[in-house]
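What follows is a single structure, written as structure tokens, with notes after it.
The values are calculated or read from the model by the stated rules, or taken from the named source; none is laboratory data. These figures come from a predicted structure and were not determined experimentally. All Cβ positions, even for glycine, are placed from backbone atoms using ideal geometry, and neighbour counts span all protein chains on display.
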Amino acid sequence: MFSFRFTTCVLAAGLALLALPALAQTTDSIPSSASVPTASSGTLLKLGTGFTRGLTIGGYQGTSLPLVLGAEHHLSPAVAVYANAFSGFDLGRRPRYFDGSRPSLTTEWGFDAGVKYYYNQEKRRQKGRATGPFVGNYFSLQTTSAFRSRTAYAAYDYSTLTLNWGLQRRIGKYGWFDAYIGAGVGRDQLYHYATKKAAQARYGFAPELGIKFSLGSQLTH
């Protein structure tokens, strides 16, 4: 279900990605004196939203807004590990089920974790572009597991393993912008309609695409 469930987010994020070159050029024009000093370690905590998992617009699940709580820790100036917890929160009416109960406030939730490699940091610094901890262009290897809240079946939905390219920038003192695109393999869990028991899993192509706007603070230097 990952390829179909993520269609709305992919279309919306795809339109927003058209503006990335202009945004990257704007943020890259920040002089190096405005950049955060380079550090070999540090931890960043963020809370944000955007075009990412948990977002739904219309359809059976209605409209939901994603919230993402994340942490990123630098192991070296170029390498960082990260983890995020995400969930979509229903913004519309929640009609009762036949038994009188109401559906969960959340539509989809899950976790992702991975490792980032920020490349060309020294070259960006020499050109006066924005650099520093958690700032720059990167490659990442990420694993994701997602679960469904509104279902009579088991909660587990799908998992993915993807290789991504992205960019992360500061917006002011506490704002953060993170955008990424990639692809990999996904495992989609199928269920029998009558018994509601897990059937065989299905493996296939899994896209990864997201744009996040967050508020965050670096805890350690």
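Restricted to segment 26-55, and to residues there that are at pLDDT below 75 and within 16 Å of Lys212 (Cα to Cα), the residue that is farthest from the chain's Cα centre (by Cα) is Thr27.
Residues of segment 117-139 that are within 16 Å of the chain's Cα centre (by Cα), closer than 14 Å to Asn164 by Cβ and either of a type in the set (A, V, I, L, M, F, W, C) or surrounded by fewer than 20 Cβ atoms within 10 Å (Cβ to Cβ) (or both): Asn137, Phe139.
Every condition in (1) surrounded by fewer than 12 Cβ atoms within 10 Å (Cβ to Cβ); (2) modelled with pLDDT of 90 or more; (3) among the aliphatic types (A, V, I, L, M) holds for Leu219 except the one numbered (2).
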